[in-house]
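K.L.:
Sharing a structure below in structure tokens format, with a few things to ask.
Quick note: the coordinates plus some simple rules give every number you see, no bench work behind them. All values derive from a computational prediction rather than experimental measurement. Note that each Cβ is placed from the backbone with ideal geometry, even for glycine, and that neighbours are counted across all protein chains shown.
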Amino acid sequence: MFKKRLSRAHEASFNRIMRRTFLWPMGVMVVASLSLAWLVSHLLGLTNWVDHTDRVIAEARKCEKLAVDMETGLRGFLVTGDPALMQPFNEAELQMSSELDLLGRQVADNPFQNERVETIRTDYSKWLGHAEEMLGHRQRGEDYQSIPLNAQGKALMDAVRNEFTSFVKDESVLRDERIGAVQRIDRNIRRLRWIVLALAGLGIGLYVRKQLSQVASLYESALTTAEQKTEALQISEGSLREAEAKLRQYNEDLERTVAQRTAKLQETVSELEAYSYSISHDLRAPLRAMQGYAQVLQEDFQRSLGPEAKVYLDRIINASGRMDKLIQDVLSYSRVARSEIKSEPVDLEKFIRAIVQEYPAFSKTNSRIEIETPLPRVMAPEALLSQVISNLLNNAIKFTPEGTSPQVRIRAETNNNDVRLWIEDNGIGIAPEYLARIFGVFERIPGERPYEGTGIGLAIVRKAVERMGGTVGVESEPGKGSRFWILLPGRKL
Ligand code: ADP
């Protein structure tokens, strides 16, 4: 938990201190354990040597006893002549040589004692030679006591025994030295262990205390940093909240202002629309009068008019006709913008077929309007929808190059409850720079003289579709026809 809240630098120092806190005491313990192990093995070695010396002394005593047994047996037989007394002599002789070998091997590491064993072996061999000779004398009944051999034998056996005594004595000295060393080490260990333990304990304790105090100061500095950070965070949180509140306030003010301005704008637009509607409407009456009088002049005063006057009259009639069309279109646009919307179920297929039959221009013999069935049923205001479709069909047929028969295809795509209606033609197409502009009021593509129009048809389409909550668009290329679409979201039944 603590570590998780530490910064990187603090964490590195914390790890370093913790590592040191454990590693050093562990190192001391390892060294102490190794020293102890060495001492124990040294002690065991010394004890083994003491055991070895005991075994050597025992072996030397055994050999000495065999020598004594042999001499006793020999003496007994020499005195009594009883062969039974020779038994210890014979038994000891059998063992003596191998036991001396064993003794020699045991002191192989001690040249001095080894030499002594060799001396014993030589003296013993000589004695054995004398003894056998003496035995021969005795068995033959000769005087064996006065011969010098007897005295020499005794001297040899004394020498052997003395050697054994010195041998055992030296071994005993060695043994005592080794026992002394063991006792000394034991005593030192007993005496020093408390001092060593106390020193090690004190050292480790002081060391751990120092490390812990470092950890504590590290913790303190980490805590201070954390506190500073928290404080800074709190301050920035506070100012953030303040800024947020201000922003919310600005937003609310902005929304209110936008709503007020939009309402005002809508009011102005509606007023303008009403004004333009009434002006358009009022303009039609004098226009009609003008047209009417011009026609009367043309029909009733035909004879008294000169050819020039006739041309002027024709122009007046044509111009006022165009003007009337324009006013009618403006009135349609206003109607679309202002009419009340009342949606009802519409079977698109039947609906479009009826429009096609209703308008004579659509059923021209050379034009072909293909409806890709089935078309979906939609919920829409009939009047607006009819205006949209007839305007689009009108353009699709109108904007075909001279000498080409118009071919129009109507199809629909549905996505969940959204309906996209496509009206595709094989007409003149539209250059990319005009694709977005043509939906504006009075927007026409310059240089399209042969095609009559006011530039309001597509503006009416856009207005009507927008009032149905939809969007309108076109894909086209000059010379490759146009594909107009209207998207009516959520209108599918
Ligand atoms: P109008 O048809 O009265 O000129 P519209 O608003 O209906 O006005 O169309 C605006 C312009 O868009 C047209 O003048 C024409 O240049 C272009 N346009 C509309 N429909 C098509 C079409 N189907 N193919 C080619 N051009 C078209």
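K.L.:
Placing unit charges on C-beta atoms (Lys and Arg positive, Asp and Glu negative, everything else neutral), compute the dipole magnitude of the chain about its Cα centre in debye, rounded to 20.
P.N.:
Computed charge dipole of the chain: roughly 2220 debye.
K.L.:
Between ILE445, LEU100, TYR434, whose Cα lies farthest towards the positive end of the dipole of the chain when Lys and Arg beta carbons carry +1 and Asp and Glu beta carbons carry -1, centred on the Cα centre?
P.N.:
Projecting each Cα onto the dipole axis, the largest value belongs to ILE445.
K.L.:
Tally the DSSP beta bridges in the chain and give the antiparallel ones as a percent, rounded to 5. Kindly include the intermediate steps, with their values, before the conclusion.
P.N.:
On the way: 25 of 29 bridges.
Here the antiparallel bridges make up roughly 85 percent for the chain.
K.L.:
Hey, could you grab the Kirkwood Rh for the chain? Inverse mean 1/r over distinct alpha carbon pairs, Å, one decimal. Write out the running numbers ahead of the final one.
P.N.:
Working: mean 1/r = 0.0264 Å⁻¹.
Radius from the Kirkwood sum: 37.9 Å.
K.L.:
Taking the highest mean first, how do the peptides 428-441, 65-78 order by number of other beta carbon atoms within 10 angstrom per residue?
P.N.:
65-78, 428-441
K.L.:
Something else about it: To the nearest 0.05, what FRET efficiency results for HIS281 and LYS246 with a Förster distance of 56 Å applied to their C-beta separation?
P.N.:
0.60
K.L.:
Related question: How many times 2.2 N^0.38 Å is the alpha carbon radius of gyration of the range 80-163?
P.N.:
My calculation over the Cα atoms of the range 80-163 gives 1.25.
K.L.:
I would also like to ask the following. Using alpha carbon coordinates only, what is the Rg to Rh ratio of the range 117-160, with Rh defined as the Kirkwood radius? Walk me through the intermediate numbers first.
P.N.:
Details: Rg = 11.0 Å, Rh = 10.6 Å.
Rounded to two decimals, Rg over Rh is 1.03.
K.L.:
Pull out the extension gain between GLU91 and LEU435, defined as 0.36 nm times the separation in residues minus the alpha carbon to alpha carbon distance; nm, one decimal.
P.N.:
Answer, rounded to one decimal: 110.0 nm.
K.L.:
Taking amide hydrogens as modeled 1.01 Å from N in the peptide plane, which residues meet the under 5 Å criterion relative to ILE369, leaving out close sequence neighbours?
P.N.:
Answer set, sorted by chain and number: VAL408.
K.L.:
Restricting to lysines 8 or more places apart or on different chains, can you count the pairs in the range 340-488 with Cα atoms under 26 Å from each other?
P.N.:
9
K.L.:
List, in order, the whole-Hz ³J(HN,Hα) value for each residue of the range 121-134 obtained from phi through the Karplus relation with A = 6.51, B = -1.76, C = 1.60 and θ = phi - 60°; use x for Gly and Pro.
P.N.:
Running phi through 6.51 cos²θ - 1.76 cosθ + 1.60 with θ = phi - 60° gives 4, 5, 4, 5, 4, 5, 4, 4, x, 4, 4, 5, 5, 4 Hz.
K.L.:
Run the quick spin-label model on TYR219 and ALA198: label points 7 Å from Cα toward the beta carbon, then report their separation in nm to one decimal.
P.N.:
My value for the distance between the label points is 3.2 nm.
K.L.:
Can you list residues whose amide H is under 5 Å from ILE147's amide H, if they're 5+ apart or on another chain and H is modeled 1.01 Å from N?
P.N.:
none
K.L.:
Sticking with this structure for a sec: Using θ = phi - 60° and the Karplus curve 6.51 cos²θ - 1.76 cosθ + 1.60, what whole-Hz ³J(HN,Hα) does each residue of the range 181-189 get, with Gly and Pro shown as x?
P.N.:
Result, ordered by residue: 4, 4, 5, 4, 4, 4, 4, 4, 4 Hz.
K.L.:
Pull up all non-local amide H partners of ILE456: gap of 5 or more, or a different chain, and H-to-H distance under 5 Å with H placed in the peptide plane.
P.N.:
Result for ILE456 returns PHE442.
K.L.:
Mind checking which lysines have their C-alpha under 19 Å from LYS229, skipping anything on the same chain fewer than 8 residues away?
P.N.:
The reachable lysines, counting only those whose Cα sits under 19 Å from LYS229, are LYS3, LYS4.
K.L.:
Need one word for the range 3-225: rounded, prolate or oblate. Basis is the Cα gyration tensor (sqrt eigenvalues a ≥ b ≥ c); a/c below 1.5 gives rounded, then a/b vs b/c decides.
P.N.:
It is prolate, given that a/c is not under 1.5 and a/b is the larger ratio.
K.L.:
Please turn the phi angles of the range 482-493 into ³J(HN,Hα) values with the Karplus equation 6.51 cos²θ - 1.76 cosθ + 1.60 (θ = phi - 60°), one per residue in order, whole Hz, x for glycine and proline.
P.N.:
10, 10, 7, 9, 10, 10, 10, x, x, 9, 6, 9
K.L.:
Taking the alpha-carbon set of the range 340-488, what are its Rg and Dmax in Å?
P.N.:
According to the Cα coordinates of the range 340-488, Rg and Dmax are 14.7, 43 Å.
K.L.:
With a point put 7 Å past each Cα toward its Cβ, work out how far ALA12 is from TRP422 in nm, to one decimal.
P.N.:
Distance between the two pseudo-spin positions: 6.6 nm.
K.L.:
Would you please state the base-10 log of I(q)/I(0) at q = 0.14, 0.17, 0.20, 0.23 1/Å for the range 192-264, with intensities from the Debye formula using one equal scatterer on every alpha carbon?
P.N.:
With no solvent term, the Cα-only Debye profile gives -0.72, -0.81, -0.89, -0.97.
K.L.:
By average Cβ neighbour count within 10 Å, what is the ranking of 203-211, 184-192, 122-130 from highest down? Please report the intermediate quantities before stating the final value.
P.N.:
Working: 203-211: 13.2, 184-192: 11.4, 122-130: 17.9.
Listed from highest to lowest mean packing, they are 122-130, 203-211, 184-192.
K.L.:
Something else: Restricting attention to the range 449-482, which GluC sites (Glu not before Pro) occupy a DSSP loop and are surrounded by at most 15 other Cβ atoms within 10 Å? Write out the running numbers ahead of the final one.
P.N.:
On the way: sites: GLU452, GLU466, GLU475; in loops: GLU452.
Passing both the DSSP loop test and the Cβ count: GLU452.
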